[in-house]
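**Q** Before anything else, here's the structure in question.
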Amino acid sequence: MTLDQTLRQRLDARCRHNLYREVKTLDSVPGPLARVNGRELLAFCSNDYLGLATRPEVIRAQQTGAELGTGATASHLVNGHLQIHQQLQHKLAEVTGREAALVFSSGYMANLGTLCALLGRADNIISDKFNHASLIDGARLCGAYSLRFPHNDLEGLHRQLQRAAGRGGNTLVAVDGVYSMDGDLAPMAEIAGLCRAYGAWLMVDEAHGFGVMGSEQWPLAGSCAAVGLGQSEVQAIMGTLGKAAGNAGAFVAGSRTLIDYLVQFARPYIYTTGMPPAVAAGCVAAIDLMRSEPQLARRLEENIAYFRRRAAQQQLPLTDAPGAIQPLPIGCAETVMTVSAALERRGFMVGAIRPPTVPAGTARLRITLSACHSHCQIDALLDALSAVLRENHAVCR
Ligand code: PMP
């Protein structure tokens with residue numbers, strides 16, 4: 001068979017199982033209104049939790065940044081980078097309460113690069129089964145002995161720490177702070193306690209925590225800060241700039257030594273073109289807004305509480321997700337597609353999540369809330385959801 005024939009067979013199998021995914025072409029960034037083929041839809045699918053992707057101040061800063069040159073023109077170690085990159089890293093370290101931070105071109109690369117730089121064949125990596133794909137791929141690629149534990153199961157983690165201790169080598173535990181498809185939080189304080197007891201290092205993916213939760217002192221730092229954990233308990237945090245910051249790129253923050261080490265050994269940092277100066281300038285402006293407008297995160301929190309209260313009144317099947325990601329369990333991949341299409345016909349954009357992103361039989365709608373949604377828009381979504389689920393006899397578990 002030719003390459004194309006082989007690939008066509010595999011693609012056809014995906015279609016038959018209702019697992020084929022398409023890329024929508026939008027006319028504008030969903031924030032929270034999106035234009036698709038000239039039609040306006042109310043979007044509940046973006047990770048732009050604070051509405052910063054469309055803020056005029058950020059757009060202007062990014063336009064001005066582009067005047068420094070459209071691209072970084074080479075990798076950081078070949079060309080160096082600009083003051084604006086340094087400024088961004090400095091601000092990221094400051095808002096996360098870390099000694100230093102390093103900017104990567106994406107969260108995927110930051111996770112892959114950090115795990116591969118820190119661990120080798122003699123070491124152990126312990127992961128939650130629901131970790132983001134980038135941590136899973138990093139765990140595979142780094143070559144360390146890989147151990148997994150059931151989602152948020154502390155007993156399971158404990159057992160794997162004992163096994164790793166028996167093997168020797170360094171052990172790193174990697175978890176998401178907020179799980180991207182389930183919206184629940186890791187029991188961070190307990191995980192950090194177990195890591196301390198076993199002398200294991202801890203890395204936390206704060207993609208969905210950065211910018212929207214934290215402590216009084218570091219309100220933007222994420223889920224670890226929210227339970228009082230700092231650099232000595234969580235040696236590496238990864239935060240993305242494509243979600244609450246509304247832009248692109250990511251960072252790892254930790255000790256000065258960790259960051260010095262990553263500059264030397266993290267291959268996805270070393271062998272890739274640096275972040276465009278305009279993006280760095282936009283991210284700096286976004287972080288300045290996050291700091292000067294704490295009401296954005298409060299408004300998001302209020303919207304989450306409103307959504308959950310109203311959804312419970314309508315007896316929609318909520319999970320215990322406390323944050324901006326509110327999954328609605330459906331189960332069957334075909335049904336979730338039908339429901340999502342019906343919502344779109346009614347004017348709503350909601351993500352339909354199917355395997356392989358989530359385990360088979362656990363397809364779901366992934367509703368994401370933003371500080372910019374009005375209560376009226378949330379009500380409209382909930383009314384549409386109730387009607388569509390009823391019409392489709394969607395089995396919710
Ligand atoms: N980690 C988590 C938990 C995520 O949800 C994502 C984005 N889907 C990433 C990492 C990757 O980040 P990026 O989009 O910047 O590559």
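**Q** With only Lys, Arg, Asp and Glu charged, each at its Cβ (+1 for the first two, -1 for the last two), find how big the charge dipole of segment 124-229 is about the Cα centre; round to the nearest 20 debye.
**A** 540 debye
**Q** Rank by packing, highest mean first: peptides 360-368, 279-287, 29-37, with packing defined as the count of other Cβ atoms within 10 Å averaged across residues. Let's see the in-between values first.
**A** Numbers: 360-368: 21.2, 279-287: 26.3, 29-37: 16.3.
Peptide ranking by packing, descending: 279-287, 360-368, 29-37.
**Q** Further, regarding this structure: Which whole-number percent gives the relative contact order of the chain, counting Cα pairs below 8 Å spaced six or more residues apart?
**A** Averaging sequence separation for qualifying contacts and normalising by length gives 22 percent for the chain.
**Q** Between residue 190 and residue 390, what is the label-point separation in nm under the 7 Å Cα-to-beta-carbon projection?
**A** Here the answer is 3.9 nm between the modelled labels.
**Q** Given the chain, what percent of its DSSP beta bridges are antiparallel, to the nearest 5?
**A** 55 percent
**Q** Using a cut-off of 30 Å between alpha-carbon atoms, which lysines can reach residue 129, once sequence neighbours fewer than 8 places away in the same chain are excluded?
**A** Residue 129 reaches 24, 243.
**Q** Report the longest stretch of the chain that contains none of the chymotrypsin sites (Phe, Trp or Tyr not before Pro) sitting in a DSSP loop with at most 15 other Cβ atoms within 10 Å.
**A** Numbers: sites that count: 20, 271.
So the longest stretch without any such site is 21-270.
**Q** Within segment 102-166, list the trypsin sites (Lys or Arg not before Pro) lying in a DSSP loop whose Cβ has at most 15 other Cβ atoms in a 10 Å radius.
**A** Within segment 102-166, the qualifying trypsin sites (Lys or Arg not before Pro) (loop, at most 15 other Cβ atoms within 10 Å) are 121, 129.
**Q** Another question, then. Per residue of segment 277-285, what does 6.51 cos²θ - 1.76 cosθ + 1.60 with θ = phi - 60° give for ³J(HN,Hα)? Whole Hz please, x for Gly and Pro, Karplus curve as stated.
**A** x, 5, 5, 4, 5, x, 5, 4, 5
**Q** Taking the simple approach of a point 7 Å from Cα along Cα-to-Cβ for both residue 314 and residue 37, what is their distance in nm?
**A** It works out to 2.5 nm between the two label points.
**Q** Determine the gain in length on full extension of the stretch residue 1-residue 295; use 0.36 nm per residue of separation and subtract their C-alpha separation, reporting nm with one decimal.
**A** On the way: separation 294, 0.36 × 294 = 105.84 nm, distance 5.92 nm.
Gain on stretching residue 1 to residue 295: 99.9 nm.
**Q** Output ³J(HN,Hα) for segment 353-370: one whole-Hz value per residue in order, computed from phi by the Karplus curve 6.51 cos²θ - 1.76 cosθ + 1.60 with θ = phi - 60°, and x for Gly and Pro.
**A** Here the 3J(HN,Hα) series is 10, 10, x, x, 5, 10, x, 4, x, 10, 4, 7, 8, 10, 8, 10, 9, 10 Hz.
**Q** Would you please state which residues of segment 136-173 a label at residue 121 would reach in this model, taking the label point 7 Å out along Cα→Cβ and a backbone N cut-off of under 17 Å?
**A** 140-146, 168-170
**Q** Then there's this: With a point put 7 Å past each Cα toward its Cβ, work out how far residue 16 is from residue 165 in nm, to one decimal.
**A** 5.0 nm
**Q** 5 Å is the cut-off here: which amide hydrogens, built 1.01 Å from N in the peptide plane, fall below it relative to residue 349, excluding neighbours closer than 5 in sequence?
**A** Residues meeting the criterion, in which the H sits 1.01 Å from N, are 42, 43, 44.
**Q** Give me 318, 202, 241 sorted ascending by neighbouring Cβ count inside 10 Å, so fewest comes first. Write out the running numbers ahead of the final one.
**A** Values: 318 16, 202 23, 241 29.
Taking fewest neighbouring Cβ atoms as first place, the list is 318, 202, 241.
**Q** Got a sec to turn the phi values of segment 80-94 into Karplus ³J(HN,Hα) couplings, 6.51 cos²θ - 1.76 cosθ + 1.60 with θ = phi - 60°, whole Hz, x for Gly and Pro?
**A** Result, ordered by residue: x, 9, 8, 4, 5, 5, 4, 4, 4, 4, 4, 5, 5, 5, 4 Hz.
**Q** Rounded, prolate or oblate: pick one for the chain, where a ≥ b ≥ c are the square roots of the eigenvalues of its C-alpha gyration tensor, a/c under 1.5 means rounded, and failing that, prolate if a/b is larger than b/c, else oblate. Walk me through the intermediate numbers first.
**A** Details: a/c = 1.44, a/b = 1.21, b/c = 1.18.
The shape class here is rounded.
**Q** Considering the chain as a Gaussian network with a 10 Å cut-off on Cα pairs, which listed residue, 69, 138, 222, attains the greatest mean-square fluctuation?
**A** Result for the chain, Cα springs under 10 Å: 69 fluctuates most.
**Q** Also, I was wondering about something else. Please list the non-local residues whose amide H lies under 5 Å from the amide H of residue 235, H modeled 1.01 Å from N, same-chain partners needing a gap of 5 or more.
**A** So residue 235 has HN proximity to 202.
Read the figures in this text as sums done on the coordinates, not as results from a lab. The model shown is predicted, which means the values in this text are computed figures rather than measured ones. Virtual Cβ from ideal backbone geometry, glycine too; neighbours counted across all protein chains shown.
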